[in-house]
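Here the structure is laid out as structure tokens; the discussion comes afterwards.
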Amino acid sequence: MAAPLAWRAQQLTSLRAFRPAVQQWGRRSCAAQHATCRRSLAASSDGGDMAGGDGDGGGDGGSELEDDMSGLAAGYTLPPAASEQLDPGLYLVSTPIGNLEDITLRALRVLRGASLVLAEDTRHTRALLSHFGIRASLHSFHQHNERHKQALVLRQLQQGAAIALVSDAGTPAINDPGADLVAAAAAAGLPVIPVPGPSAVLAALVASGLPTAQFLYCGFTAPKSGARRKQLTPLAGQPATLIFFVSPHSLVAALADAAAVLGGQRRCCLARELTKRHEEFWRGTLEEALAEFSARGPRGEFVLLVEGAAAGGGGGGAAGGEAGEGQILEALRQAVAAGESPSSAAKSVAQQLGASRKLCYSLSLTLDGAEAGE
């Protein structure tokens, strides 16, 4: 092992020595690449955001950069240097989710060479680019201006631009406005190029200890209990590992709903503050998780992973592999609310969850009049 270790040490030393030169090269090349872009933006209301510059760190308001994007559509032309470095297309660049060392060399190259960088929050992305000595033409692209800017971005792509799309952290186009832009670009036959890298979903999954052969990303948990249980009910029989994003203020309520609908004995993992200093993986059952985080109070952002029904021995973790009563009741409520009679709901829920029809019918009789009349 001596030779490989010595080689690794030598490589690390070389990389440390090389970093200032890379940053200096990035400043020189990007200055040339974006000269035309800066001139085009000069006539706009705010001149855009130049990462690494002397910006004031202003916010991402809904009206930010609307005028400069119009200016781009009217008169922007690609700098020759940018065309030489990157092929035209929409680059989906993954960025660190908490540890800056997770940036990839390819991501840095694309961010340096892109004609434009579209970011959900320019303040966050400006700090990232500045850390790596990258000057870029940085523009906001978020839910408040997405509809207005999408057509302008597509026009630039059609003219041969190389445009990078980033989210605040992780892989873009997942739970952020970039998904619609990607769909529109693909539908128009424009190149869409993924630049893989950090992902909270995959990082949490591979370290969870739960089955990884099948998994289902379910997005953020709904903010209110009724909507959350409605979200969870059709997932009760899903054999894949379930993955949710959960905010700290709703974690305890989300765990309570998950235990009631999916079954309290389902194994789960809570991944907190991924790749950051206080990273934590908590493992146990949903009931144990509810007790743990009710007692200590959740802090930080969470990824909740719950084992699938097949791995857990049925839909709700009840003895004998059948769905739990909480899960059955929730499914009955949903069926009755959709217009089924209690007896019809009992039959369909029993078939759906593989539960005893007698048990389902018995539980359907416990629904109060308000529920049965919905």
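The values are calculated or read from the model by the stated rules, or taken from the named source; none is laboratory data. Only a predicted model underlies this, so the values are computations on that prediction, with no experimental measurement involved. Counting neighbours? That spans all protein chains shown, and the Cβs are built from the backbone with ideal geometry, glycine included.
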Residues of segment 282-306 satisfying the condition of being modelled with pLDDT under 95 and crowded, with 19+ Cβ neighbours inside 10 Å: Pro298, Glu301
Residues to consider are His249, His278; find the one that is part of a helix (DSSP H, G or I) and surrounded by fewer than 17 Cβ atoms within 10 Å (Cβ to Cβ). His249
Modelled with pLDDT of 95 or more and of a type outside the set (Gly, Ala, Ser): is that true of Ile163 in this structure? yes
Using the structure shown, decide if Pro239 is without any contact (Cβ under 8 Å) to a residue 24 or more places away in the chain and under 29 Å from Ala355 (Cβ atoms). no
Based on what the data block shows, is Val261 in contact with a helix residue (DSSP H, G or I) (Cβ under 6 Å, 6 or more places away or on another chain) and within 14 Å of Gly326 (Cβ to Cβ)? yes
Say we look at segment 330-344 and pick out the residues that are in contact with a helix residue (DSSP H, G or I) (Cβ under 9 Å, 6 or more places away or on another chain) and surrounded by fewer than 21 Cβ atoms within 10 Å (Cβ to Cβ); which of these is modelled with the lowest pLDDT? Ala338
For segment 195-229, how many residues meet the condition of being of a type in the set (S, T, N, Q) and farther than 15 Å from Glu307 by Cβ? 3
If Ala271 meets every condition in (1) in contact with a Leu (Cβ under 9 Å, 6 or more places away or on another chain); (2) under 21 Å from Gln334 (Cβ atoms) apart from one, which number is that one? (2)
Any residue that is surrounded by fewer than 16 Cβ atoms within 10 Å (Cβ to Cβ), assigned by TED's automatic domain parsing to the domain that holds Glu301, in a loop (DSSP other than H, G, I, E, B) and not aromatic (Phe, Trp, Tyr) - is there at least one of those in segment 198-209? yes
Does segment 113-123 contain at least one residue that is touching a residue at least 60 places away in the same chain (Cβ under 8 Å), surrounded by fewer than 21 Cβ atoms within 10 Å (Cβ to Cβ) and of a type in the set (Gly, Ala, Ser)? no
Within segment 134-141, does at least one residue satisfy the condition of being closer than 29 Å to Tyr217 by Cα, surrounded by fewer than 21 Cβ atoms within 10 Å (Cβ to Cβ) and either at pLDDT 95 or above or not charged (D, E, K, R) (or both)? no
Looking at segment 178-197 only, could you name the residues that are surrounded by fewer than 21 Cβ atoms within 10 Å (Cβ to Cβ), more than 27 Å from Leu242 (Cα to Cα) and in contact (Cβ under 8 Å) with a residue 12 or more places away in the chain? Ala184, Ala188, Leu190, Pro191, Val192, Ile193
Criterion violated by Gly219 - all others in (1) surrounded by fewer than 21 Cβ atoms within 10 Å (Cβ to Cβ); (2) in the same structural domain as Asp87 (by TED's automatic domain parsing) satisfied: (2)
Considering only segment 109-127, I want to know if a residue exists there that is assigned to a loop (DSSP other than H, G, I, E, B), closer than 25 Å to Leu216 by Cβ and of a type in the set (A, V, I, L, M, F, W, C). no
